[in-house]
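Novice: Shown below is the structure under consideration.
The values are calculated or read from the model by the stated rules, or taken from the named source; none is laboratory data. Being a predicted model, the structure only gives us computed values, none of them experimental. All Cβ positions, even for glycine, are placed from backbone atoms using ideal geometry, and neighbour counts span all protein chains on display.
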Amino acid sequence: MAGRAGEAPVCKPPAIEPLTGHILPCVKADGKVNSYPQMHAGPVFNYSTFSSDLDHVVPIPPYLAPLLPRLPRLPNEPIADQLTVQYYPPGTGIPPHVDTHSAFGESLFSLSLASPVEMLLVPCGPVEARRLRLPKRSLLPPGDSCPANPSSATGSRAPSPASVAAEGARPADHATEAAGAAAVATPLGPSYPLQLPARSLLVMTGPSRYAFTHGIASRKADQVGRRMVERYKGGRYSITFRSVRKEAERACACSWPEYCDWRIREEQAGAQDDAV
């Protein structure tokens, strides 16, 4: 059953569901996430550039490797080759953010383990457009930042629910569950709360990948319909899977240049050339 318009589908694909039951015990037995809240594999995620370190590659753990070719990727999209395992103590959230456009392929996968949680997808706006122009986010050396193009910030627009459904839809043969509530009105346009049950897979493509921030509020319970659902006292584990683009593949031609690090760098480089 397809998700409602505007939702990133939350799935339990038959190809991976039989493999997910043993993952949490393996993660806990591994010990890396228990002693430190994160574990990286493949080209390691770099929090300084919000990209991946292509020269620092960690082997994929054997208990996770069988999942990678079974993830429901888009046609002609490479198999995910990078992952981050994260532990979130009870009540912990995730700041709203957009994963870097140029560094990773279109499909972004998040496997939830242990506690259920609600994630909120909110249309990007002028704040996100400005944030992506900071040197840390645009990958420019310190001191080389240029003023934001005013038309880029003021021209920010939220995709319509119809465009989210059309461009963010998964192939029909991947079973999905409608796991989100109705859209919530915000100044930037409709936002979408998604319920992420244990062992569910969130798949973000199209607008949900490129033009919405995704985040989780810091709280101990989430309202689902008319009832409150407590998050488990043992916390939540998530595994994010991405396909890493090599340097020569990082040109991005998405439909949201105001939120695209690659297009922003081109804009900033042009502004520097004009100033010389």
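Novice: Taking into account only those residues within segment 252-275 that are of a type in the set (Gly, Ala, Ser) and either in contact with a Lys or Arg (Cβ under 9 Å, 6 or more places away or on another chain) or part of a helix (DSSP H, G or I) (or both), which is farthest from Lys32 (Cα to Cα)?
Specialist: Ala275
Yes/no per residue for (1) modelled with pLDDT under 90; (2) part of a loop (DSSP other than H, G, I, E, B); (3) more than 21 Å from Asp53 (Cβ to Cβ):
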| position | (1), (2), (3) |
| --- | --- |
| Pro90 | yes, yes, yes |
| Pro95 | yes, no, yes |
| Asp99 | yes, yes, no |
| Ser102 | yes, yes, no |
| Phe109 | no, no, no |
| Leu113 | no, no, yes |
| Glu118 | no, no, yes |
| Glu128 | yes, no, yes |
| Arg133 | yes, yes, yes |
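Novice: Let me ask another. Please work out which one of (1) surrounded by 13 or more Cβ atoms within 10 Å (Cβ to Cβ); (2) modelled with pLDDT under 90 is the condition Arg236 fails and give its number.
Specialist: (2)
Novice: Consider only pairs whose beta carbons are under 8 Å apart and that are at least six residues apart or on different chains; among these, list those whose first residue lies in segment 47-65 and is over 20 Å from Leu24 (Cβ atoms) and part of a strand (DSSP E or B) and whose second residue is at pLDDT below 85 and of a type in the set (Asp, Glu).
Specialist: As it stands, the answer is Leu54/Glu247, since those pairs meet every condition given.
Novice: Taking segment 218-248, which residues are over 20 Å from Leu111 (Cβ atoms) and in a loop (DSSP other than H, G, I, E, B)?
Specialist: Hits for segment 218-248 are Ser218, Arg219, Lys220, Gly225, Arg226, Lys233, Arg245, Lys246.
Novice: Is it the case that some residue within segment 248-264 is among the β-branched types (Val, Ile, Thr), within 21 Å of the chain's Cα centre (by Cα), modelled with pLDDT of 90 or more and buried (at least 22 other Cβ atoms within 10 Å of the Cβ)?
Specialist: No, segment 248-264 contains no residue that is among the β-branched types (Val, Ile, Thr), within 21 Å of the chain's Cα centre (by Cα), modelled with pLDDT of 90 or more and buried (at least 22 other Cβ atoms within 10 Å of the Cβ).
Novice: Next question. Would segment 68-88 turn up any residue that is among the β-branched types (Val, Ile, Thr), assigned to a loop (DSSP other than H, G, I, E, B), within 21 Å of the chain's Cα centre (by Cα) and modelled with pLDDT of 90 or more?
Specialist: yes
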